[in-house]
Amino acid sequence: MNKRFRLLPVLLLIVLCTSAIAQPGPPRIIDCHIHYNGDLEFLHKLLSKLASVDGLAFLLVPPADLGSAKPVIDNSPNRLVGFGSIDLDDPRALELVDEFHAAGFRGLGELEFPLKNFYDPSYWPIYERAEEYGMILLFHTGIVLRDNPKVAVDVSVERMRVTALDGIARRFPGITIIGAHLGNPEYAWAGEIARWNPNVYLDASGSSLIKLQNNYTFFNSIFWWSGVESAHTPKSSANAFEKLVFGSDVFGGDLDEFDRALVRYHKMLDACGVPQKAQDNIFAGTLWRILHQTP
């Protein structure tokens, strides 16, 4: 038998195996906001959860946990995307950006607790490096938890206001920015900044969809510009709600928050009459497209 024909079954088997492993298209859900707590058991539970919903998660990994998280991320490319959870004020911040990029991580975040405003020029070299690498940046915006009120800390929500993202988005147009928590409670600012900046998206994780659960149609006033033709509104055929992406803000290993966040998102989007095509983009399509853009 001709040698080429003897190889055909082997080549066919390779193709079939590759097709079975490769992700043919977007998953049903992409969660942009899950914190790794350093517990490998949590990662195994997370992978099971994601498999059950055909999901993928951006896993926010502190530098100290890079060694334990990377092998799991590398072995689960259809379920996990690594994000480096760095401190903007760390003297080694730029080195850490390089290290996370070298490890194959696609973004940085959740960036929070800065000692200066997010748009302070001292942070610009970090954003420049992230832009060079084509990284996604997830910023904490708005009100933030207070772990122990009896302990003095140098933390201020004034430095994490969603308005700071406008300057970053304009100065670094190659960076995709996600503003976590919709700027809570500065929703109007969050919506307007996302409206004019094509590289800015928002997640609605945290307390907003809890406190507004009896008034979800309120969000129609935040994402108001669908179908509006005006010189004062960017031209786009996308639904205004497509500035949202799904994020659960799971932290401390509490995977039940993933399910709760998913339910809240669905209830809010349905209450606001958001079309199914737009919802598909909110839950996966938009982030899938961004992940597959050429850096």
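Applying the criterion of being outside any loop (DSSP other than H, G, I, E, B) and among the aromatic types (Phe, Trp, Tyr) to the residues of the range 124-149, the residue that is surrounded by the fewest Cβ atoms within 10 Å (Cβ to Cβ) is 124. All conditions but one from (1) hydrophobic (A, V, I, L, M, F, W, C); (2) outside any loop (DSSP other than H, G, I, E, B); (3) surrounded by fewer than 16 Cβ atoms within 10 Å (Cβ to Cβ) apply to residue 194; the one that does not is (3). When the range 246-284 is filtered for residues that are under 16 Å from the mean Cα position of the chain (by Cα) and among the small types (Gly, Ala, Ser), the ones remaining, listed by number, are 247, 248, 261, 284. Within the range 150-164, the residues that satisfy the criterion of being among the basic types (Lys, Arg) and assigned to a loop (DSSP other than H, G, I, E, B) are 150, 161. Among the residues of the range 173-187, is any touching a residue at least 40 places away in the same chain (Cβ under 8 Å), assigned to a helix (DSSP H, G or I) and within 17 Å of residue 123 (Cα to Cα)? The answer is no, given that none of the residues of the range 173-187 is touching a residue at least 40 places away in the same chain (Cβ under 8 Å), assigned to a helix (DSSP H, G or I) and within 17 Å of residue 123 (Cα to Cα).
Residues to consider are 152, 204; find the one that is crowded, with 23+ Cβ neighbours inside 10 Å and either without any contact (Cβ under 8 Å) to a residue 40 or more places away in the chain or of a type outside the set (Phe, Trp, Tyr) (or both). Don't jump to the end; show me each part of the working.
Values: 152 fails: crowded, with 23+ Cβ neighbours inside 10 Å.
From the options 152, 204, the qualifying one is 204.
Scanning the range 249-287 for residues that are touching a strand residue (DSSP E or B) at 6+ places or on another chain (Cβ under 9 Å), assigned to a helix (DSSP H, G or I) and surrounded by fewer than 16 Cβ atoms within 10 Å (Cβ to Cβ) yields a single hit, 256.
For the condition of a type in the set (D, E, K, R) and farther than 22 Å from residue 288 by Cα, what is the one hit in 95, 110, 132?
Numbers: 110 fails: farther than 22 Å from residue 288 by Cα; 132 fails: farther than 22 Å from residue 288 by Cα.
Step by step, each of 95, 110, 132 is checked, and only 95 is of a type in the set (D, E, K, R) and farther than 22 Å from residue 288 by Cα.
We did not get these values from a lab; they are worked out from the coordinates using the rules stated. Since the model is a prediction, treat every value here as computed from it, not as a measurement. Backbone-built Cβ (ideal geometry, glycine too); neighbour counts: all protein chains shown.
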